[in-house]
Each structure stands twice: as structure tokens, then as C-alpha cells.
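Written below as C-alpha cells is the structure these notes are about.
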Amino acid sequence: MRFETSAAPHVIAGFSVPRVMFQVLLGLLPVVAVQLTLLGPGVLLQLLVAGPVALLCEALALRARGRDAGPFLRDGSVLVTAALLAVSVPPLLPWWLTALGAAVAVLLGKHVYGGLGYNPFNPAMVGYAVLLVSFPLEMTQWPTPLGQSQSDWTDLAHLAWQSFLSGPAAGGPDWDAYTGATALDALRTGLGQRYTMEEIFAGPAFASISGSGAQWINVAALLGGLYLLARRIISWHIPVAVLAGMAIPSALMHLVDPGAHAPATFHLLSGATMLGAFFIATDPVSAATSDHGRLVYGAGIGLITWLIRVWGGYPDGMAFAVLLMNLAAPLLDRYTVSRIHGHPRR
Amino acid sequence: MAARNRFPAGLELPPHKALALQHGIQPAPEPARAFVAMDQGSGHAATPAIAVGERVRIGTRIARATHANGTPVSSPVAGTVVSIEEHETASPAGRGLCIVVDNDGSGVVDPACEPLCWESMPPYEVLARIQDAGIAGLGGAAFPAAAKLGAGRAHEVTHLVLNGAECEPWICCDEALMRERAADVLLGARVMLHASGASHCTIAVEDDKPEAIAALRAAATDPRMQITAIGTVYPAGAERQLLHAVTGMEIPHREHPPTVGLLCQNVGTAAAVARLVTTGEPAIRRIVTVTGSGVGRPANLDARIGTPLAELAVACGGYQRDPRRLIAGGTMTGRALETDEVPLTLAVMCVVAATAADLAVRGAEMPCIRCGDCARVCPAGLLPQQLHRALLAGDEPLLERHGLVDCIECGCCDYVCPSRIPLTARFQRARAASSLRHEERLRAAHLRARFERHERRMAEAAEAERRAFEDARRRARSERGG
């Protein structure tokens, strides 16, 4: 009797790229849910623009590169890029900016380098950074979370829809009533105007720790991240290193000068910290690969984010920190090669 | 001793062993016609030492070893040599020279097969008898047992480790052996201690085989023997990983265990040595697991070398459920055979008739997303993704730096790769190519050295001639002058 031949091994685990990407999308659900509840339906509009635009750009780029689009469109990585961008940008962003960000992410962040697996930078953060430096006003307009203003959910829905279709100018007289500084913004402005930390933290943007919007979004991202850890989609090295890289210097500086430096808890639950630590910095393609390298890589992201927040020109620094450490990843890979069995310790 | 009883990384795999273990070892019917491969799996074929038409008995030497890492071959049946021909085999090449013996069914044993009074024999003589009997590693490599034991003696090793890990899915011939013939394993270990000069022996068994461990412990009377349970992690049975798990020591890069005082043999090999000293029987049989969802009654068979695998399948109830692949070995490292018309050799531990349900659908290969899962499971501590990158770039120095030669081809990286990249097969090919290049370089260096030696000799000869000529002229001149 004759049989088919094939190289060993003859069995493999069930993991595949599409399944990994699907799990990442599942992990993002809590973040979407919290944004939806506290900041209105804007996040859904962002997802509805970013997803299709990213898919379209992926298909066009694959076609232009003469590749079979099928398996790559189905692998889900482009949807993860789109989703990360959509939950990172303010929910009030007009649709053309979201579309631009998604197109930049997929075309300039991914396909100019050779597509899946070859991009040196995190595509979503390339898109985000281009939007942030080009449209700083639109990119820092966050709706005031429910409970911190007079608005209710229908007001936020109306606002999101208007702004989505026609930009912030169309927000009209309600605009200032419904949008406000985030806690990171307020901290930066307050410190610039020489207010003390107590005075700043007594301000309207600071419900409990870091403002009810940011802190619950961060808690949601932490939950989603723990899910990814539990499903072994990501390893602990990068998230733990990011959080430690941010918590240790901020706690030290708060201890030294509590009047000028916010506590570590504030930084951990502000801006894009948890989203960045668990979902963005953990993108394996653009991160360092060895466990040691990943610890250094993550710590660098946490530290640089904190530095930008405290001394930089932007209220949050996660996107820039990720891009900077992406640049360092090849070097980290070179210097953190693990010891091979039977070789002397280096 | 800092035994940690496990090595870093590796995989936990579904064992698939219970089916074949439920009935104990069964004798397989003798083949009516035995195809005795000259290469029993070591890669170094023996040379036939018998003519077509000659009569042989069970245990008659029919081929001699012509390579230091090869073994002589004995006839597994009594009868007549009907041909010496190329035949399909389970070797990587798929074909090889076989001596075909028609079995007359008489079962007459060659009178040269006599028990050994090994305790009163000097070790070198025991080694010579083991080599002459053709006993080779039954753990899959079929490396001559005597050569390994001899290397151990030369390096004055102290610690013999018997490999009873049997980590790969489906394979359970060693487990059946340890459960039912523990005394053979222990006797073989004593002979091996005598032959190698080692002072003590550890029999290492994965901790998911409690019956085997209990049987060995019950049979162990010699205080030099220790039975150690090690963690059930694939590939615990790989030599370097096993020795690391048992002793906490790593075998240095490009070295062999004897250089650090260790010696490793398979438990099946020890049992074969025991059979040699008690009955005089050379390596003419082995226990082979015949299993998979594609055979009717999976079992461990005590089968003669040279039996076609098709007959072993018949002995196990024949095929069922349309087996797609016939794997010699386990599903992680085994070779998919083209046909079941290949004879059993010493290297074939297991035959898996795998149905579609036993196999993985690989799907299309995707680009590497650098997830690092491969590095996390690699028992050799390599970075398979970096190796693969270097491979695609054709960067030889980088391949060297990332340790291509240290790859043990266990398949762990393949198993976990979400992009379904056939890493092991690619590394295997690259290793073969690089060792070829290495050999070519060696041969080129050898040829160059020979050429340079020749040139030097020629130059020296010319110089000597010139000097002799000058001397002669000077002498002639002085004579004339005088």
C-alpha cells in the first residue's frame, strides 16, 4: 500500500495568526464598552470608518504588490490595526481624519515595508502619530465623561454625530459644554500655571484618580489585557515592563517632589497607559523578540511615555514612545540573544 | 548532584500511548521472506558477507561492518539467501541494499550464538562481542552500542544514564519493555557498566509511566542502579535534554556526553545486550509499536528485523479508517514512508498508521509575525525565528551565530508556529547543506594540504638534487685543482 509523504512534525498546535488576531479583538471589547458608556457612541463611528478603510487599503496594497489578497485579508491583522487606531483617537474625530489615519497606518505603516511581519513600526501608532502632529486640535478634543458634566448620553450621541460628519466647528455652542480637558491636559496646564498638585487635583477633570473617563478606560484595557495573558496570546514581559518603566520613575519623583509630580497611580490609569502596555507595545512584529529584549523594550516605552508626559510637548506620549522603541528593537534583538544549550555563558 | 529532573522549554503533548499498551508485548509472526537491510539506521551500510544460494541459520552473520560507526548484520531467520538487491527501505534515501532470506520455518539457531560469561570477561572482549552481535541504539539512531560504550571507557566516564523517557507521542515500545522485562533492562545495565567502566547507572523514566518505574524498582537489586522519574515534557528523551534533566549538566557545544563523564544508552539497547549475554542472540529483533487510528488493534510487537511493515500491520488487525500517512517513529520527528513494503530495521521504534484525524492540517504558510513562541519552546535555547530570517537571507555567518548546528530537529518550533512555517524541515535541509559545505571545505583543505606537501617534497627533492650536483661539481673541481 502507498502513502502520502510529508515532512515532520506531523502534528501542530491549533494556534494560527487569524485566531491570535481574533483574540486581540475580543480583548478590546471592554475598552469599547466603557468608551461607549462614558463617552458616547463616537467610538463605534470610529470603528465603522477605520475598519473598512483599513481593509480597503490592505486589499489595494496587496493588489498593487501582486499578492493574493485572500489569506491576508482573512488573517485579521489589519482589523486589529484599525481597531487599535479607532479606540486610541478621540471619539469626536471627524471621519476624514479617521480614514486618513487608517490609510496611513496600513499603507505607510505596513505595506511600504512589505506587509504583515515586515513592518518595523506599529502601524496603528504610525497612523496615530501622523494625525497627532498634523491635527493637534482635533486629536485632543475629548468629550467630558458622563457624570462630570450636565450632558447625558443622547447629548453625547448628538455631539459625536455632528462632529463626526462636519468636524468640531459644527459642534456649535454646546461644544465647550460637552468637551473638556482630560486629566493629563489639566495637569500639564495646571503645572504650567504654577498651581500646586492639590489645587490641580481638585479640578473638574479629576474624579477620584485620573478622571472617570481615563481611569475606567484604563481599567477596561487592563481587564482585556489580563484576558490576553490568560489565553497566552501575549506574554507578561512587555506589559509588566511598560508598567514598571512608568511606575518606578513616577513614584520616585512623586516621593521626592509631591508638589510637582503626580503619583504613579495617576500615570498608570491615565491616557493610553494600559491600552499601550497590553495591546500596542505587545505587537510582536515591531517589538523585540527575546524575553530579555522585551523587558528592556517595554521598560523603555513606559519610561519614555512618562518623560513625554512630564517634560515633553504633548499631554500623552505612548504613541511616540512605542515608535521610538520600535526603532530600538533590532538593536535590542542583537544584544539580547539567549544562551544556546551547551554554549558558555556570555 | 543538582538534578532538576527537567530541562527548560519543550512541550506538553497528548501521549496517544494507552491504546497500544493495553495488551502487553505480543510476538509477531516470523516473515516468510526477510528483507535484511544493510543499513539498520546508522547511515553506514554493512557489506554482505554471504552469497546468493547459501543457507543461513538464525543469528548467522551475513554482513560485516565496513565503517567505524556501522554494525555487522545477522540473519533473523533460518533459510536460504535468495537475493542481494536494492529494495525500498525506511532510510532517508528510501532505498538501500538488502539481503533477502527465504525462511524455511525450521527455526534453527546458529551454534555460534552462545551465552556469554560476561562477568569473567575483560571489558574489551565484552565490547567486541556486543559489536559483533550488531547491537545498535534502539532509540532511533542505531548508533553502534559498543562504539559508544568504548568511547565512554576511553573518557573514563563514571555515570551511565539509561534513556527510558520515550517522550514522543504514540511510541511506547520502551514503556512496554520496562513494564514486562525490567530484569532484562537491569541486567543489560550491569553489563554496560562492566563494559564502559562507569561506576553507577541512572535509569531515567518520564513520570507519566508509573508502572514502568515500579517494575524497574522492584527488579533493581544492584545498589549501583538508581531509577529516576523525570518530568514528562517533550523532548525529554533527546540525549542532551535527558542528561540535563538527570544531572543538571549541559553537554558542551559540538561535544559528546563522554567528555563530561556521561554515557547515554536506550533501555531497549540494554535489554538487547541482556539477551546477548543470556542466550547469545545477536540484534535480530526489536519491540516495535504498531499504532495509530489507522490500524485495527494497536500493539507492541516483538518482531524480527527484516519483517515487512505491511505484515506487522496485518498482525495488528490490518488497516482501517483509511490511513493517509505511515510514519516510522512518532508524529513529531518520524519519517512519513511512501510504502509499507519496507522491512523493519533496528532504528524503527514505532509505526503510526495515521488517519486524517491523527494529523494536522497545516494550512497555508504565512509570514513570520515574530511572536517568539518558537523561542519559548526551543529546548536548545535557539531563536528559531531569527534562524529562519538568516536562512531566508542566506546569511551563513548569522546562521552559525544563531546556532544552526545546535538545532536538535525536535519540531517544537513548528508545532507552535501560528504562521505555519515549516521551520524544522527548513533547518534540516540547511543543516545538511551546511555539513556538506563543511565536508567540502575539509576535503578541499585536505587536498590543498596534500598538494602543498607534494610541492614541498618536490621542492626539497629538487633542492637536494641541486645541492648534490653542486657538491659533485665542487668536488670534481677541487680534484682537478688538486
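The values are calculated or read from the model by the stated rules, or taken from the named source; none is laboratory data. Computed from a prediction, not measured in an experiment: that's the story for all the values here. Cβ placement follows ideal geometry from the backbone for every residue including glycine, while neighbour counts extend to all protein chains displayed.
Can you go through A:L38, A:L45, A:L25 and tell me which one is surrounded by fewer than 21 Cβ atoms within 10 Å (Cβ to Cβ), part of a helix (DSSP H, G or I), in contact (Cβ under 8 Å) with a residue 40 or more places away in the chain and in contact with a helix residue (DSSP H, G or I) (Cβ under 7 Å, 6 or more places away or on another chain)?
Selected residue: A:L25, the only one of A:L38, A:L45, A:L25 that is surrounded by fewer than 21 Cβ atoms within 10 Å (Cβ to Cβ), part of a helix (DSSP H, G or I), in contact (Cβ under 8 Å) with a residue 40 or more places away in the chain and in contact with a helix residue (DSSP H, G or I) (Cβ under 7 Å, 6 or more places away or on another chain).
Which one is nearest to A:R63 (Cα to Cα) among residues in the stretch A:105-114 that are touching a helix residue (DSSP H, G or I) at 6+ places or on another chain (Cβ under 7 Å) and within 13 Å of chain B (Cβ to nearest Cβ)?
Out of the qualifying residues, it is A:H111.
Is it true that some residue in the stretch B:360-369 is crowded, with 20+ Cβ neighbours inside 10 Å, out of contact with any Asp or Glu (no Cβ under 7 Å at 6 or more places or on another chain) and within 11 Å of chain A (Cβ to nearest Cβ)? Spell out the reasoning first.
Narrowing the stretch B:360-369 to residues crowded, with 20+ Cβ neighbours inside 10 Å: B:366, B:368-369.
Filter once more, so that each one left must be out of contact with any Asp or Glu (no Cβ under 7 Å at 6 or more places or on another chain): B:368-369.
Still in the running and within 11 Å of chain A (Cβ to nearest Cβ): B:368-369.
Among the residues of the stretch B:360-369, at least one is crowded, with 20+ Cβ neighbours inside 10 Å, out of contact with any Asp or Glu (no Cβ under 7 Å at 6 or more places or on another chain) and within 11 Å of chain A (Cβ to nearest Cβ), which makes the answer yes.
Go through the stretch B:353-408 and report how many residues are in contact (Cβ under 8 Å) with a residue 60 or more places away in the chain, outside any loop (DSSP other than H, G, I, E, B) and under 30 Å from B:L326 (Cα atoms).
7
Quick one: in the stretch B:409-437, which of the residues that are within 7 Å of chain A (Cβ to nearest Cβ) and not in a loop (DSSP other than H, G, I, E, B) is surrounded by the most Cβ atoms within 10 Å (Cβ to Cβ)?
So the residue we want is B:D414.
Hey, among the residues in the stretch A:63-92 that are of a type in the set (A, V, I, L, M, F, W, C) and modelled with pLDDT under 90, which one's nearest to A:L156 (Cα to Cα)? Please lay out each step first, then the result.
Here is the first cut: in the stretch A:63-92, the residues of a type in the set (A, V, I, L, M, F, W, C) are A:64, A:69, A:72-73, A:78-80, A:82-87, A:89, A:92.
Still in the running and modelled with pLDDT under 90: A:64, A:69, A:72-73, A:92.
Numbers: A:A64: 41, A:A69: 39, A:F72: 37, A:L73: 34, A:L92: 9 Å.
Filtering the stretch A:63-92 for residues that are of a type in the set (A, V, I, L, M, F, W, C) and modelled with pLDDT under 90, the one nearest to A:L156 (Cα to Cα) comes out as A:L92.
Identify the residue in the stretch B:302-326 that is touching a residue at least 60 places away in the same chain (Cβ under 8 Å) and in a loop (DSSP other than H, G, I, E, B) and, among all such residues, is farthest from B:G41 (Cα to Cα).
B:T307
Yes/no per residue for (1) in contact (Cβ under 8 Å) with a residue 12 or more places away in the chain; (2) within 20 Å of B:L346 (Cα to Cα):
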residue	(1), (2)
B:P115	yes, no
B:P122	no, no
B:A133	yes, yes
B:F143	yes, yes
B:A146	yes, yes
B:L149	yes, yes
B:A154	yes, no
B:H159	yes, no
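Can you find, within the stretch B:281-314, the residue that is farthest from B:A176 (Cα to Cα) among those that are among the hydroxyl-bearing types (S, T, Y) and more than 20 Å from the chain's Cα centre (by Cα)?
B:S293
If we only count strands (runs of 3 or more DSSP E) wholly inside the stretch B:188-269, which ones have 2 or more residues that are under 18 Å from the mean Cα position of the chain (by Cα) and assigned by TED's automatic domain parsing to the domain that holds B:G280?
Details: elements: B:200-206, B:225-230, B:262-266.
So the answer is B:262-266.
B:E400 - would you say it is surrounded by fewer than 22 Cβ atoms within 10 Å (Cβ to Cβ), more than 7 Å from every other protein chain (Cβ to nearest Cβ) and closer than 19 Å to A:A8 by Cβ? Walk me through how you get there before you give the answer.
Working: surrounded by fewer than 22 Cβ atoms within 10 Å (Cβ to Cβ): yes; more than 7 Å from every other protein chain (Cβ to nearest Cβ): yes; closer than 19 Å to A:A8 by Cβ: no.
Taking the combined requirement at face value, the residue does not satisfy it.
Condition first: polar (S, T, N, Q) and more than 20 Å from B:P343 (Cβ to Cβ). Can you find one or more residues in the stretch B:106-114 that meet it?
Within the stretch B:106-114 (the criterion being polar (S, T, N, Q) and more than 20 Å from B:P343 (Cβ to Cβ)), the answer is yes, since at least one residue qualifies.
Being touching a helix residue (DSSP H, G or I) at 6+ places or on another chain (Cβ under 7 Å), farther than 26 Å from A:F121 by Cβ and not aliphatic (A, V, I, L, M), is that true of even one residue in the stretch A:266-278?
No.
Out of all the residues in the stretch A:118-136, which are surrounded by fewer than 20 Cβ atoms within 10 Å (Cβ to Cβ) and out of contact with any Leu (no Cβ under 8 Å at 6 or more places or on another chain)?
Answer for the stretch A:118-136, where residues must be surrounded by fewer than 20 Cβ atoms within 10 Å (Cβ to Cβ) and out of contact with any Leu (no Cβ under 8 Å at 6 or more places or on another chain): A:Y118, A:V133, A:S134, A:P136.
Please work out which residue is farthest from A:T182 (Cα to Cα), limiting yourself to the stretch A:11-49 and to residues that are under 18 Å from the mean Cα position of the chain (by Cα) and within 12 Å of another protein chain (Cβ to nearest Cβ). Before the answer, list the steps.
Quick first cut of the stretch A:11-49, residues under 18 Å from the mean Cα position of the chain (by Cα) only: A:20-36, A:39, A:42-49.
With within 12 Å of another protein chain (Cβ to nearest Cβ) added as a condition, the list becomes A:20-24.
Working: A:V20: 33, A:M21: 31, A:F22: 31, A:Q23: 30, A:V24: 27 Å.
Step by step, filter the stretch A:11-49, then rank; the result is A:V20.
Identify, by number, the condition in (1) more than 9 Å from chain A (Cβ to nearest Cβ); (2) of a type in the set (S, T, N, Q); (3) farther than 16 Å from A:F3 by Cα that B:T355 doesn't meet.
The single condition B:T355 does not satisfy is (3).
Here are some conditions: (1) surrounded by 16 or more Cβ atoms within 10 Å (Cβ to Cβ); (2) out of contact with any Pro (no Cβ under 6 Å at 6 or more places or on another chain); (3) within 14 Å of another protein chain (Cβ to nearest Cβ). A:M1 meets all but one. Which one does it not meet?
(1)
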